[in-house]
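Peer 1: Mind having a look at this structure? Questions to follow.
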Amino acid sequence: MTQCSPLAPAAFPALPPVAGVTARVARARYKNWDRCDLTYVELAEGTAVAGVTTQSKCPSPEVEWCRDAIPLGSARALVVNAGNANAFTGHRGRAAVEAIAAKVANHLDCKPSDIFVSSTGVIGVPLPVDKAEAGLDAAFAAEPCGWEDAATTIGTTDTYAKGAHASAMIGGTRVELVGIIKGSGMIAPDMATMLGYIFTDAAIDPKLLQQMLSAANRQSFSCITVDSDTSTSDTVLAFATGKAGNDVLTSMDDAGADAFAAALGDICRQLAHLVVRDGEGASKFIEITVEGAESDGSAHRIALSIANSPLVKTAIAGEDANWGRVVMAVGKAGEPADRDKLSIRFGATQVASGGLALEGYDEAPVAAHLKGQDILIGVDLGLGNGRATVWTCDLTHGYISINADYRS
């Protein structure tokens with residue numbers, strides 16, 4: 001990992017073990033680096049699974065494999081390869097995924113469809129099957145590792161390991177949720193632009209878990225953007241081992257279902273924010289709230305138009321209160337808007353309303369706000385009740401440096 005993002009948490013959080021989950025890491029040497037780059041997670045028999053994947057029309061074979069396996073509802077293992085995305089690799093890429101799944105299935109005496117595979121890194125280079133199989137052999141023999149090692153191993157351009165924790169009460173039983181995630185660039189939510197994994201000891205029907213994860217995704221992973229580019233490999237999976245011993249959740253009407261859904265939403269937001277705070281070259285974490293839109297969907301699209309604007313993002317990087325760029329981004333979104341009803345604020349300070357700068361507007365408090373690391377931008381369209389919040393980061397020279405030299 002390179003120099004740590006200035007927006008990173010002070011330390012990796014203390015995450016509890018999750019019954020029925022055992023992680024190991026190994027060196028497959030997918031790139032010329034001296035680090036672990038293969039994560040192998042064994043899951044107890046009876047583990048339920050749910051997932052969301054990229055909406056890219058050029059998905060990796062790993063994404064296609066997961067899409068086929070998720071509806072079956074069961075999982076026994078997860079394999080994550082870092083350094084090689086195995087995307088746009090034709091039949092060789094699919095053969096590599098099949099070989100990985102077959103090898104792990106043979107090791108665990110289960111069906112290949114119970115094995116979930118993800119890869120991340122350079123696009124267009126087939127995943128070397130020999131390295132993958134040797135890495136798996138090393139992982140099978142390795143000692144179990146902690147969450148920080150697992151989180152570090154799945155990273156690519158990430159500057160810090162990302163993990164989060166939540167818990168919930170189902171009846172009288174406390175259940176734990178732990179998540180790890182990787183993501184730094186190629187982040188534009190068309191579901192979830194990164195690789196993220198959530199593990200819980202809760203007992204829950206896979207169809208209900210899918211319903212909850214899809215809902216949580218809409219308010220978290222699909223509300224972040226770093227650079228407007230959607231990855232070929234995006235996958236978020238949730239695994240529920242059932243080892244907590246609670247009565248199995250099968251419906252949102254069950255006691256404790258609301259609490260578990262809230263905890264799942266919480267951990268998804270935590271993980272999503274960690275990705276933005278590690279945006280390539282980022283120095284500012286930006287929250288954009290749009291309200292007064294004709295619908296929530298319209299508000300979401302306008303908020304993303306602002307968040308993805310290079311002009312807005314570079315202004316924030318330069319600590320320039322150029323609210324005119326926000327007006328521009330609202331106008332180009334293609335959504336209903338009325339210039340003369342539009343209001344804009346930076347932090348707690350309203351800067352524009354009714355089609356022009358606010359009378360008596362003092363830029364000093366806005367300039368002070370922009371010198372901080374956490375930036376708030378608010379927009380009120382004055383048209384309806386639609387509302388949305390998205391999160392992004394600024395755009396600095398660091399982003400260019402990282403991506404100009406990515407393959408070398």
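Peer 1: Filter region 109-135 down to the residues that are among the small types (Gly, Ala, Ser), within 17 Å of ASN32 (Cβ to Cβ) and in a helix (DSSP H, G or I) and list them by number.
Peer 2: Answer for region 109-135, where residues must be among the small types (Gly, Ala, Ser), within 17 Å of ASN32 (Cβ to Cβ) and in a helix (DSSP H, G or I): ALA132, ALA134, GLY135.
Peer 1: Got at least one residue in region 271-288 being surrounded by fewer than 19 Cβ atoms within 10 Å (Cβ to Cβ), modelled with pLDDT of 95 or more and among the charged types (D, E, K, R)?
Peer 2: Yes, region 271-288 contains a residue that is surrounded by fewer than 19 Cβ atoms within 10 Å (Cβ to Cβ), modelled with pLDDT of 95 or more and among the charged types (D, E, K, R).
Peer 1: Only one of these is among the polar types (S, T, N, Q), assigned by TED's automatic domain parsing to the domain that holds LEU78, touching a Lys or Arg at 6+ places or on another chain (Cβ under 9 Å) and surrounded by fewer than 24 Cβ atoms within 10 Å (Cβ to Cβ): THR250, THR241. Name it.
Peer 2: None of the other options fit; the residue is THR250.
Peer 1: For region 124-146, check the following and say yes or no: at least one residue is over 30 Å from ASP254 (Cα atoms) and within 19 Å of the chain's Cα centre (by Cα).
Peer 2: Within region 124-146, none of the residues are over 30 Å from ASP254 (Cα atoms) and within 19 Å of the chain's Cα centre (by Cα).
Peer 1: Something else: Among the residues of region 94-114, write down those that are buried (at least 24 other Cβ atoms within 10 Å of the Cβ) and among the small types (Gly, Ala, Ser). I'd like the intermediate steps shown before the answer.
Peer 2: From region 94-114, those buried (at least 24 other Cβ atoms within 10 Å of the Cβ) are 96-97, 100, 104; that's our starting set.
Scanning region 94-114 gives a single hit, ALA96.
Peer 1: Also, I was wondering about something else. Restricting attention to region 49-95, which residues are at positive phi, in a loop (DSSP other than H, G, I, E, B) and modelled with pLDDT under 95?
Peer 2: Result: ASN86, PHE88.
Peer 1: A further question on this structure: Go through ALA85, ALA44, ALA75 for me and flag whichever is of a type in the set (A, V, I, L, M) and in contact with an Asp or Glu (Cβ under 6 Å, 6 or more places away or on another chain).
Peer 2: ALA75
Peer 1: Okay, moving on. Of all residues in region 139-159 being out of contact with any strand residue (DSSP E or B) (no Cβ under 8 Å at 6 or more places or on another chain) and modelled with pLDDT under 95, which is surrounded by the most Cβ atoms within 10 Å (Cβ to Cβ)?
Peer 2: Looking at the filtered set, the residue picked out is THR159.
Peer 1: Moving to a separate point now. Condition first: surrounded by fewer than 24 Cβ atoms within 10 Å (Cβ to Cβ) and either outside the structural domain of CYS145 (by TED's automatic domain parsing) or assigned to a strand (DSSP E or B) (or both). Can you find one or more residues in region 25-36 that meet it?
Peer 2: Taking every residue of region 25-36 in turn, at least one turns out to be surrounded by fewer than 24 Cβ atoms within 10 Å (Cβ to Cβ) and either outside the structural domain of CYS145 (by TED's automatic domain parsing) or assigned to a strand (DSSP E or B) (or both).
Peer 1: Select from region 138-152 the residues that are outside any helix (DSSP H, G or I) and hydrophobic (A, V, I, L, M, F, W, C) and write down the one among them that is nearest to ILE100 (Cα to Cα).
Peer 2: Filtering region 138-152 down to residues outside any helix (DSSP H, G or I) leaves 142-146.
Then drop every residue that is not hydrophobic (A, V, I, L, M, F, W, C), which leaves 142, 145.
Working: ALA142: 17, CYS145: 21 Å.
Filtering first and then ranking leaves ALA142.
The values are calculated or read from the model by the stated rules, or taken from the named source; none is laboratory data. Source: prediction; values computed, not measured. So basically every Cβ, Gly included, is an ideal-geometry build from the backbone, and we count neighbours across all protein chains shown.
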